[in-house]
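The values are calculated or read from the model by the stated rules, or taken from the named source; none is laboratory data. Just so it is clear, the model here is predicted, and its values are computed rather than measured. All Cβ positions, glycine included, derive from the backbone under ideal geometry; neighbour counts span all protein chains shown. All accessible areas refer to the heavy atoms of the entire protein, side chains included, with ligands and DNA or RNA removed. Shrake-Rupley method; radii C 1.70, N 1.55, O 1.52, S 1.80 Å.
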Amino acid sequence: MSRTIIHCDADCFFAAIEMRDNPELVGRAIAVGGHPDRRGVISTCNYAARQFGVRSAMASAYALRLCPGLTILPHRMVHYREASQKIMAIFHRFTDLVEPLSLDEAFLDVSELVTEGGSARQIAAAIRKQVVEEVGITVSAGVAPNKFLAKVASDWRKPDGLFEVRPDQLSEFVAQLPVSCIPGVGRVTAERLVQLQVKSCGDLLAFSEQDLCDRFGQFGSRLYHCSRGVDTRLVRSERQRKSVSVEQTFARDLPASEACDLYLEELMARLQARIDKLTSRYGVGKAFVKVKFADFSSTTLERAGGEFGYNNFAELIHEAASRNEGLVRLLGVGVRLTDAEAKLPTEVGQLGLFGGSP
């Protein structure tokens, strides 16, 4: 069955709400995040700040060094949730098949509307117009035959853009994409692909699925299918996440203490950025860590409690690492999620994920 998917994503969501509510901020470089003196982390920033190299998940202190005139504002999650609820309500006016990915981002399956003679591009345009009129911020949208390409398309003309990948354009469009567009391709995988002379999805066409699986395990199948524009995932309106985590594989194996010193703060920054993007239905339960050793064995350790600071994650990592005397090749940190809207994503910051409230 052919599908038509729209991916909608608000432009610099938290920052956009701040500029909407305080027009004096428009035109200035601003970010929303934690205090630079408390290991604060940038959750999002506007496009004026991005011109200086400021990005989400970046330490606030480093962001200020890149952009000395940067204004860093504290989170106002009540306002962000209110805007999110309005945005999601607009999505549901068009289809019940809405899969939220975060407070400001969702997939919409509009296949039935298109089958009945509607235009997906017109639907996306109508959604964007209603968000501007009712919420006061802009949303970029991508239209495509599947989720992978719809998400790529929504980034194609950001900010405030609309881009469509029609079925007859699929092969040509996908071939030009860098392999980094494929979900799951991080720095380490990208480096391995470069060693194979692979930089674009078109370069992957020279490899069979079996060849890629031999080189990359099960992930080889994703590389094979995405490079050909194939993604059979359905839009699931009732999807519930159980956890959120990040991990880092090292270029060389390290002692656990050195790995913590070099990478833990960066991992926690990336984790906070993902937590900030969760919808309001989620609360935070337990903290957990994953440690993979030089012999490729791995272990995980989790702990409930109200503190998720640097020292707590470091303690978990050292305890987990003590289960094997070898060096460490990968660290991961994460939190288990609860389905309780009473517990807000920002409570993680208030509980001290980075040593202080945002």
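Go through the range 158-201 and name the trypsin sites (Lys or Arg not before Pro) that are in a DSSP coil and have 16 or fewer other Cβ atoms within 10 Å of their Cβ. Please list the in-between numbers first.
Working: sites: R187, R192, K199; in loops: K199.
Sparse-neighbourhood loop trypsin sites (Lys or Arg not before Pro): K199.
Using Cα springs under 10 Å in a Gaussian network model of the chain, which residue among P74, P23, P255 shows the largest mean-square fluctuation?
Answer for the Gaussian network model of the chain: P23.
Considering the dipole of the range 69-164 built from charges on the beta carbon (Lys and Arg +1, Asp and Glu -1) around the Cα centre, which of F94, T115, S84 is farthest to its positive end?
So the residue we want is S84.
What dipole magnitude, in Debye to the nearest 20, does the range 201-247 give about its Cα centre under +1 on Lys/Arg Cβ and -1 on Asp/Glu Cβ? The partial results should precede the final answer.
Working: 8 positive and 7 negative charges, 77 e Å.
Roughly 380 debye for the range 201-247.
Which value, in debye to the nearest 20, describes the size of the charge dipole of the range 205-306 about its Cα centre when Lys and Arg Cβ atoms bear +1, Asp and Glu Cβ atoms bear -1, and nothing else is charged? Numbers along the way, then the final one.
On the way: 17 positive and 14 negative charges, 138 e Å.
Dipole magnitude for the range 205-306 comes out near 660 debye.
Only four residue types carry charge here, +1 at the Cβ of Lys and Arg and -1 at the Cβ of Asp and Glu. Report the dipole size of the chain about the Cα centre in Debye, rounded to the nearest 20.
On the way: 44 positive and 44 negative charges, 17 e Å.
Dipole size: approximately 80 debye.
If the cut-off is a Cα-Cα distance under 14 Å, which aspartates and glutamates reach K292, setting aside same-chain residues fewer than 8 apart in sequence?
E247, D253, E319, E325
Can you match volume of the Cα convex hull per residue in Å³ to one of these, (1) 304; (2) 142; (3) 182, based on a calculation from the structure here?
(2)
Among 163-173, 101-111, how do they line up by average Cβ neighbours within 10 Å per residue, starting with the highest?
Details: 163-173: 15.0, 101-111: 22.3.
The peptides rank, most packed first, as 101-111, 163-173.
With contacts defined as alpha carbon pairs under 8 Å and 6 or more residues apart, what's the relative contact order of the range 36-129 in percent? Spell out each step's value before the answer.
On the way: 77 pairs, mean separation 14.7, N = 94.
Dividing the mean separation by the residue count of the range 36-129 yields 16 percent.
Quantify, in whole percent, the carbon and sulfur part of the accessible surface of the chain (1.4 Å probe; protein heavy atoms only).
Working: 8170 of 16960 Å².
For the chain, the apolar C and S fraction of the accessible surface comes to 48 percent.
Can you pull the accessible area of K277 for me, 1.4 Å probe, Å² to the nearest 10?
Surface accessible to solvent at K277 totals approximately 80 Å².
Could you report the chain's accessible area per residue, 1.4 Å probe, as an integer in Å²?
Details: 16960 Å² over 358 residues.
Roughly 47 Å² per residue, with all protein chains present.
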